[in-house]
Every structure is written in C-alpha cells, then in structure tokens.
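Notes for the one structure printed next.
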Amino acid sequence: MNSLLQLLLALLVAALCLSSGRVLLLRLGFDFANQSEEAALSAGVGFGVITYSMVMLGGARLYQPAVAWLLLAALAFLSIWGLRRAPMRVDPR
C-alpha cells in the first residue's frame, strides 16, 4: 500500500509540473506546434519551477514538510485556475 501511495504522489507532482509549466509558458506568450511539444516543454518548465521554489525555500531556511506542501498546494491552485482560462486543446492532425 505504501508504494501505491508513493506512485500516486509522483503522478500528482508530475501533473502539477505539466500544468504549472503550461500556464507559465502560455502567460509568456508561447505558441506550441503540437501536443508533444507542449507536454515536453511544459513538464520541463514545471519541474524547473518546483525545483527553484524548493531551492528558495531552503535558502530562506523554510524547507520544512508543511511549507513545501503549502507551496505545492499553491502551485496546484494557480495551475487549476490557469487551466480553466486556457483549457488544453486536442490536435485533429
């Protein structure tokens, strides 16, 4: 059961990376050629956002589980809000 919980948590963080990266790239004005490009770039930028956020928490000596979870929850909220404004499209190609 513990490994199932870890797998679900990893999938949740990956989805958070994808959505937060996508929202950030769309706000910066990126236009994607296809879905695979959108997914790859969005996930990479999202992982970077989470990584640098955790580094900043560590630099401020706030790297504690409760604060890290709060940061992830805030990113999830912003991602959901951003995805509601610009839903993912399906390429007919």
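The values are calculated or read from the model by the stated rules, or taken from the named source; none is laboratory data. In this text, all values refer to a predicted model and were calculated from it rather than measured experimentally. With ideal geometry, Cβ positions are generated from the backbone for all residues, glycine too; neighbour counts draw on all protein chains shown.
Test Ile80 against the criterion of being of a type in the set (Val, Ile, Thr), touching a residue at least 60 places away in the same chain (Cβ under 8 Å), part of a helix (DSSP H, G or I) and surrounded by 10 or more Cβ atoms within 10 Å (Cβ to Cβ), and give yes or no. Full working, then the answer.
Numbers: of a type in the set (Val, Ile, Thr): yes; touching a residue at least 60 places away in the same chain (Cβ under 8 Å): yes; part of a helix (DSSP H, G or I): yes; surrounded by 10 or more Cβ atoms within 10 Å (Cβ to Cβ): yes.
In short, yes.
Residue-by-condition table, conditions (1) part of a helix (DSSP H, G or I); (2) farther than 15 Å from Trp69 by Cα; (3) modelled with pLDDT of 90 or more:
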{"site": "Leu4", "(1), (2), (3)": "yes, yes, yes"}
{"site": "Leu16", "(1), (2), (3)": "yes, no, yes"}
{"site": "Gly21", "(1), (2), (3)": "yes, yes, yes"}
{"site": "Leu24", "(1), (2), (3)": "yes, yes, yes"}
{"site": "Asp31", "(1), (2), (3)": "no, yes, no"}
{"site": "Glu38", "(1), (2), (3)": "yes, yes, no"}
{"site": "Ala43", "(1), (2), (3)": "yes, yes, yes"}
{"site": "Ile50", "(1), (2), (3)": "yes, no, yes"}
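I'm trying to understand the selection: among the residues of segment 23-51, which are within 22 Å of Leu11 (Cβ to Cβ) and of a type in the set (Phe, Trp, Tyr)?
Listed by number, the list holds a single entry, Phe47.
How many of the residues making up segment 66-75 are small (Gly, Ala, Ser) and exposed (fewer than 11 other Cβ atoms within 10 Å of the Cβ)?
1
Among the residues of segment 52-82, write down those that are within 18 Å of Leu11 (Cα to Cα) and touching a helix residue (DSSP H, G or I) at 6+ places or on another chain (Cβ under 6 Å).
Leu71, Leu75, Ala76, Ser79
Among the numbered conditions (1) out of contact with any Asp or Glu (no Cβ under 8 Å at 6 or more places or on another chain); (2) basic (Lys, Arg); (3) at negative phi, tell me where Arg61 comes up short.
(3)
Tell me, yes or no, whether segment 49-65 has at least one residue that is touching a Ser or Thr at 6+ places or on another chain (Cβ under 8 Å) and either under 21 Å from Ile80 (Cβ atoms) or surrounded by 14 or more Cβ atoms within 10 Å (Cβ to Cβ) (or both). I'd like the intermediate steps shown before the answer.
Residues of segment 49-65 touching a Ser or Thr at 6+ places or on another chain (Cβ under 8 Å): 49-50.
Imposing the further condition that a residue be either under 21 Å from Ile80 (Cβ atoms) or surrounded by 14 or more Cβ atoms within 10 Å (Cβ to Cβ) (or both) reduces the set to 49-50.
Yes, there is a match, as at least one residue in segment 49-65 is touching a Ser or Thr at 6+ places or on another chain (Cβ under 8 Å) and either under 21 Å from Ile80 (Cβ atoms) or surrounded by 14 or more Cβ atoms within 10 Å (Cβ to Cβ) (or both).
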